[in-house]
Amino acid sequence: MDTNTFREHAHRVVDWMADYLDGVEAHPVRSQVKPGEIAAQLPASAPEEGEPFEALLADVERIVLPGITHWQHPSFFAFFPANSSPPSLLAEMLTATFGAQCMMWQTSPAATELETRVLDWLRQLLGLPESFVGSIQDSASTATLCALLVARERATGWQANDQGLAGLVGAPSRLAIYTSAEAHSSIEKGARIAGFGADNVRKIPTDAAFAMRPDALAAAIAADRAAGVVPTCCVATFGTTGVGAVDPIAGVAEVCRREDVYLHVDAAWAGAALILPELQALLEGVEAVDSFVMNAHKWLLTNFDCSAHWVRDPDALVRTLGILPAYLRSRETGTVIDYRDWSVPLGRRFRALKLWFVLRSYGAERLREKIRGDMALLGELAAWIEADPAFEITSPPSFALLTFRWTPDGVDDPEEVDARNGRLVDAINDDGRIYLTPTTVAGRKVIRFQVGQTRTERRHVEAGWAVVREIAARIAAGIH
Ligand SMILES: Cc1ncc(COP(=O)(O)O)c(C=O)c1O
């Protein structure tokens, strides 16, 4: 494809993109295809001869589109949002056009220097300490893995990377990680990858607000010390996935500092809300945190992937991940930032560009309005749920997330109520007008409802709640 043909197709594709976004509400939110339906339409091997672009675009509409779950649909209330926005999309187009591998300063100085600056802008907006230095990772899972690796190295006198955990001479055989019982699965996954082992992840009990209890953390650390296990890393969560709980950073940090335990904060989703000055009190104690991650790609209008990761001691991160074969040396090595030493993969996309576009296009105040607006809508939803005796709120609004449970009339057995809630969420998602996901609270099946998509307005939340009630009533009447 020469550049003239590319230009022609690119204009068509941009029109297609704009039409898609304008018309996204016409699609069912969750893809309605059955497993294997898409694969059945794809040839078993690649074509020998190239095909015209028209055929490709036609198959996007015919084959791909039905298999897309529309995360940009304004009635997407499932999981957490994966915000996208026009400025972010435009930056992604430029990033793809440069096609640069931004692993070292020299391989695109603009990518490196923009990343440093834009992460410092975001640090200031979120109210994080001046000493924090940032980089962009592909995901919060990766940032947490980096934290676990640094903590592992620190706890083993920087020996595990060289000798391997099994080979450590005279070292303790077990290193423990602490996180709340509500924490995201990426922590346990990181513990497996980093060699701690899932059995050495202590799930610290939570209080009535589902937040980690610092006294229980201290007790778990003491028990480990008594058993000869080395307390190594604690991961506190700012906005848990299930219910949006916030671990008390100050209380957790105090225990970690006293016990010399590395402290990482996973603020993957709710970190974006820190852009609001009125929420700054939740950050109390953050100066003592060793690292912090939030996803601009969740609730800050920036396309996946853009995970902002700050560390208090970048030298420790580089000491853990840095490796310098001859083919990666450059004249500037040691005098500039080479972000390849800050992340697990060597290759890096130019991700700072989209965050730069988003922050500049909207400005901080517009972003604050968006987050405040979503939280206000969620508050309205909570009032509607409270007013309906057929439903109960099972975890209160936290930022822009709550959970609720259908409590059908005349059904007392909790197992049966669980089953009905399972049926309800499946029926809602098969219906396609909205998309919700289940979780458990206190061992019982509940339904999550989060507000945060780029284009969600009050009318979508109102209609979404009406869909829940309508489908519950149909199930209760035996129609479903
Ligand atoms: C609290 C929390 N941490 C981590 C993650 C994982 O994020 P990522 O997909 O960026 O790895 C999620 C995902 O929703 C999350 O809710």
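With the convex hull built on the Cα atoms of segment 81-124, state its orientation-averaged projected area in nm². Working shown, then result.
Working: hull surface 15.8 nm².
Average projection, Cα convex hull of segment 81-124: 3.9 nm².
When the P(r) is computed for segment 91-227, the part past 17 Å accounts for 72% of the Cα-Cα pairs.
Take every Cα pair under 8 Å in the chain that's 6+ residues apart, average their separations, divide by the length, and report that relative contact order as a whole percent. Answer for the chain is 21 percent.
First check a/c for the chain, with a ≥ b ≥ c the square roots of the eigenvalues of its C-alpha gyration tensor; if it is under 1.5, answer rounded, and if not, answer prolate when a/b is larger than b/c or oblate otherwise. Oblate. Taking the DSSP bridge list for the chain and keeping only pairs wholly inside it, about 60 percent are antiparallel.
In debye, nearest 20, what is the charge dipole magnitude of the chain about its Cα centre with +1 on Lys and Arg Cβ and -1 on Asp and Glu Cβ, if you could check?
Result for the chain is approximately 760 debye, rounded to the nearest 20.
Between GLU369 and ASP2, the modelled labels are 4.7 nm apart [label points 7 Å from Cα along Cα→Cβ]. Note on the chain: helix-only mean residue ellipticity at 222 nm, from DSSP H runs of 4+ residues weighted -39500 (n - 2.57) and normalised by residue number, equals -13000 deg cm²/dmol. Distance between the modelled labels on ALA463 and ALA96, one decimal in nanometres: 2.8 nm (7 Å Cα→Cβ projection).
GluC sites (Glu not before Pro) within segment 80-143: which are DSSP loop residues with at most 15 other Cβ atoms inside 10 Å?
GLU130
What FRET efficiency would be calculated for the residue pair ALA222, LEU168, taking the C-beta separation as r and a Förster radius of 25 Å, to the nearest 0.05? So, using R0 = 25 Å, E works out to roughly 0.60.
Exceedance of the 24 Å cut-off in Cα-Cα distance is limited, within the set LYS34/LYS298; LYS189/LYS354; LYS189/LYS298; LYS370/LYS445, to LYS34/LYS298; LYS189/LYS354; LYS370/LYS445.
I want to verify the translational diffusion coefficient of segment 51-117 in µm²/s; compute it with Stokes-Einstein, Rh as the Kirkwood radius over Cα pairs, at 10 °C and 1.306 mPa s. D = 103 µm²/s. Rg of the Cα atoms in segment 263-405, relative to 2.2 N^0.38 Å, amounts to 1.36. When the P(r) of segment 3-81 is calculated, the portion above 21 Å amounts to 43% of the C-alpha pairs. Rounded to the nearest 20, the size of the Cβ-charge dipole of segment 100-349 about its Cα centre is 560 debye, with Lys and Arg at +1 and Asp and Glu at -1.
Be a star and scan segment 220-258 for residues whose amide nitrogen sits under 15 Å from the point 7 Å along the Cα-to-Cβ vector of ALA181. 220, 242-243, 245, by backbone N distance to the label point.
Give me the net charge for the shell around ARG469: Cβ to Cβ below 12 angstrom, other residues only, Lys and Arg +1, Asp and Glu -1.
-2
Net length available on complete extension from VAL344 to ASP388 is 10.9 nm, with 0.36 nm assigned per residue and the Cα-Cα distance removed.
Taking Cα centre as origin and charging only the Cβ of basic (Lys, Arg, +1) and acidic (Asp, Glu, -1) residues, the dipole magnitude of segment 1-84 rounds to 460 debye.
Here is the P(r) of segment 347-480: all C-alpha pair distances, binned every 10 Å from 0, give 11, 37, 27, 15, 8, 1 in whole percents. Distance from the alpha carbon centroid of segment 438-454 to that of segment 317-377 works out to 31 angstrom.
Extending 7 Å from Cα along the Cβ direction at GLN280 and again at ASP313 yields two label points whose distance is 2.8 nm. Convex hull volume of the Cα atoms of segment 100-349, normalised per residue: 121 Å³. Here the 3J(HN,Hα) profile of segment 123-132, calculated from phi with Karplus coefficients 6.51, -1.76 and 1.60 at θ = phi - 60°, is 4, 5, 5, 8, x, 7, x, 4, 6, 6 Hz, Gly and Pro shown as x.
Between ALA326 and ILE479, the contour length at 0.36 nm per residue exceeds the alpha carbon distance by 48.2 nm.
Every number in this text was worked out from the coordinates using simple rules, so none of it is lab data. These figures come from a predicted structure and were not determined experimentally. Note that each Cβ is placed from the backbone with ideal geometry, even for glycine, and that neighbours are counted across all protein chains shown.
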